[in-house]
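The values are calculated or read from the model by the stated rules, or taken from the named source; none is laboratory data. Source: prediction; values computed, not measured. Note that each Cβ is placed from the backbone with ideal geometry, even for glycine, and that neighbours are counted across all protein chains shown.
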Amino acid sequence: MNIAVTGTRSGAVTPHIAGVVGRPTACRIARIHLFGPMRAISYLGEDILPRGKKARALLAYLCLASGTKVDRTHLASLLWDESSSEHARGSLRRALSELSTAMGPLAAELVSAGRTAIRLDTHACWIDASAVLESSSPDSVRSDLALLCAGELLEGLDGVSASFDRWLSRERQRVIEKRAELREVPIPISSPGYLQTHARPLPAAGSYPQRALPARNRLRLAVLPFDGQGGGKSAERAEDFAFSLSYDIATALTRFRWFDVITPISFMSGPLVHFTSEDLLHGNQLDYVADGVVTRHGRLIEINVRLLDLARGTQPVWSERFELPAAELHRLSEMVAGRVVSSIDPIILFIEGQPNRREHYGATGLLLLAIPLLYSAERTKFERAGVLIHQALEMDPQNATALAWAACWHLTRVDQGWAQDLAGTLATAETLCRKAMAIDRDNAEALGMYAHTCAWKKDFDAAVHYFDRSLRLNPNLAFVWALSAATYCYIGEPAAALQRLKRYRELAPFDQFFYGYEAVYALACTFNGDYEQAVLVGRGAVRANPDYSAGYKPLIAALGHLGRSEEAQPYVAKLLSLEPHFSVERFGKTYPFKRAADRARYMHGLELAGVPAVEAS
């Protein structure tokens, strides 16, 4: 089975409808909130806010400097106005060091510190106050953000110094004036009953009859404004955070390429409205809807989210409940949104991958049918997946996601030992990935597949670089976290691999294709010398899918190192039935190890377990 490689076209236009969130165009590696209590979060979800008040004030000032260089002397006198100039300069150096430490590896990209000036690269950050204040943002966007970004500017940063307080007072006044200028929606979101009055709630499950799905290529998913419940002022805060959470989820979902997303803004009344929920549901404009409720119970916040399949009479197909201490309410979006988004994506993939789901399949529909077959690791189903991907590309040669999954199909052949021409197969996968990235440079799936290809080609620096780019664009892609974990094993960093697998499990605790990534977990344990754990995990992986040959290798090597060759024999026999040409020598030549010591130790484990040293003639 050969999947065709077609010509490319740069600058492809993403299909768009009113109210659909646009695709991210910039690679933002940090999100900084200046409204309310200050927060700074990396693209990986890590807290990168320094603890010290002066270091936070330094970061806040740099954020509102809009990317311009700020004189060191000015910063020192602003933050330490009662100290001598020498002492103030020393204190500034310590605050800058604290800021860099909090940001970790990202500091080199975000902060430029010269002898005379300091600059924050605001193009690499999303800053809520900047988005509201700067004229470069469209008025409609700033208006939305003025509603969503409630709270006082830099709440809790008063008292840093008299000079800083005067600067902060001026900035707060600027925010007040800008919010007044942009106030286009007459009723603030925090008003009790706002959503009940101004957003049409989704009908109860099953209240619409089952309908035929439209025969179009792209799926459409709407995220309704979440409902906030509670008593008194708690209700107002719940409304604020409920809407903010639903907006964050909608924005994160746009990073997946399977569907267009209609945001909660589209369900509001006033100048921002484009559709109503009734219009969308009755007009057959949607395939799926996500909605939710945020409820405050004293010191505990409860979040309930569900996904409804509109082809089944608004039948709920997934739901999850979260609990969060009220003291952690400011972390609602970062702790819940990623988990929700990474759950919705595979659920839709699973549903759309069912046979006879639709009467007519476009390119995306064919691709969704192919993915479960590709992951099955059964040779007949796998070949069928290749045919479907080929048909999708014939139908839409410029579909970057289809090109990325075509590359995955070839990489799976390598992983399963089915590729007779290893170099040629990897070259084909690389070509497909490059074409996908030329069409859509921000396609996180394509970047992740390309990174995996680079790892197999033993270009480890490129692999790490492109995995990083992929996860910056979409930190909710669970399978890319798992693939990158394999690469960190190859380069001899199993502890980093285990951390990435932990993130994968957090994002996709119910992944139907978990066995493949459990095999990566066994691999990481083997590289880490934890052979007992590798055996425990490896057994589960091969039991879940006995046809996935890659799952046997770390299991067998671990058993060899434990001196349990007799126990390994059934696994060796099964592996050889799946890969008749497999041998210790062949494995050592083809498997992408960076360090010779890791290669020798892995090969020794296989040999101790009874794997043939050389291929049988």
task: Sort through 517, 548, 490, 504 and tell me the only one that's in the same structural domain as residue 457 (by TED's automatic domain parsing), hydroxyl-bearing (Ser, Thr, Tyr) and modelled with pLDDT of 95 or more.
output: 490
message: Filter the stretch 441-465 down to the residues that are outside any helix (DSSP H, G or I) and surrounded by fewer than 24 Cβ atoms within 10 Å (Cβ to Cβ) and list them by number.
response: 441, 442, 457, 458, 459
- request: Filter the stretch 360-385 down to residues that are touching a helix residue (DSSP H, G or I) at 6+ places or on another chain (Cβ under 8 Å) and among the charged types (D, E, K, R), then give me how many there are.
  value: 2
- request: Collect the residues in the stretch 400-437 that are of a type outside the set (Phe, Trp, Tyr), farther than 20 Å from residue 579 by Cα and in contact (Cβ under 8 Å) with a residue 40 or more places away in the chain, keeping them in residue-number order.
  value: 400, 401, 403, 404, 406, 407, 428, 431, 432, 435
Filter result (in a helix (DSSP H, G or I), at pLDDT below 80 and surrounded by 16 or more Cβ atoms within 10 Å (Cβ to Cβ)) within the stretch 140-165: 142, 143, 144, 145, 146, 147, 148
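One line per residue, one yes/no per condition, for (1) buried (at least 16 other Cβ atoms within 10 Å of the Cβ); (2) over 27 Å from the mean Cα position of the chain (by Cα):
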{"site": "62", "(1), (2)": "yes, yes"}
{"site": "71", "(1), (2)": "no, yes"}
{"site": "74", "(1), (2)": "no, yes"}
{"site": "85", "(1), (2)": "no, yes"}
{"site": "89", "(1), (2)": "yes, yes"}
{"site": "95", "(1), (2)": "yes, yes"}
{"site": "110", "(1), (2)": "yes, no"}
{"site": "114", "(1), (2)": "no, yes"}
{"site": "127", "(1), (2)": "yes, no"}
- prompt: Being at pLDDT below 95, crowded, with 24+ Cβ neighbours inside 10 Å, not hydrophobic (A, V, I, L, M, F, W, C) and not in a helix (DSSP H, G or I), is that true of even one residue in the stretch 384-405?
  reply: yes
message: Looking only at the stretch 353-383, count every residue that is in a helix (DSSP H, G or I) and within 24 Å of the chain's Cα centre (by Cα) and tell me the total.
response: 13
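Applying the selection to the stretch 606-617, what residues are part of a helix (DSSP H, G or I) and farther than 26 Å from residue 423 by Cα? Break it down into steps so the answer makes sense when it comes.
Step one: list which residues in the stretch 606-617 are part of a helix (DSSP H, G or I), which gives 606-609.
Those that are part of a helix (DSSP H, G or I) and farther than 26 Å from residue 423 by Cα: 608, 609.
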statement: Only one of 401, 364 is assigned by TED's automatic domain parsing to the domain that holds residue 544 and within 21 Å of residue 437 (Cβ to Cβ), namely 401
- prompt: Does the stretch 109-132 contain any residue that is more than 22 Å from residue 53 (Cα to Cα), at pLDDT below 75 and not assigned by TED's automatic domain parsing to the domain that holds residue 251?
  reply: no
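Out of the stretch 561-594, which residues are over 26 Å from residue 412 (Cβ atoms) and outside any loop (DSSP other than H, G, I, E, B)?
Across the stretch 561-594, the qualifying residues are 561, 565, 566, 567, 569.
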task: Return yes when residue 597 is out of contact with any Leu (no Cβ under 9 Å at 6 or more places or on another chain) and part of a helix (DSSP H, G or I) and no when it is not.
output: yes
message: Consider the stretch 166-197. How many of its residues are of a type outside the set (Lys, Arg), exposed (fewer than 14 other Cβ atoms within 10 Å of the Cβ) and at pLDDT 50 or above?
response: 6
query: Out of the residues in the stretch 515-534 that are surrounded by fewer than 24 Cβ atoms within 10 Å (Cβ to Cβ) and more than 26 Å from the chain's Cα centre (by Cα), which is nearest to residue 498 (Cα to Cα)?
result: 528
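Could you tell me which residue of the stretch 1-42 is farthest from the chain's Cα centre (by Cα), considering only residues that are at pLDDT 75 or above and in a loop (DSSP other than H, G, I, E, B)?
This residue is 36.
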message: Taking the criterion of being of a type in the set (S, T, N, Q), touching a strand residue (DSSP E or B) at 6+ places or on another chain (Cβ under 9 Å) and modelled with pLDDT under 55, would at least one residue in the stretch 266-283 satisfy it?
response: yes
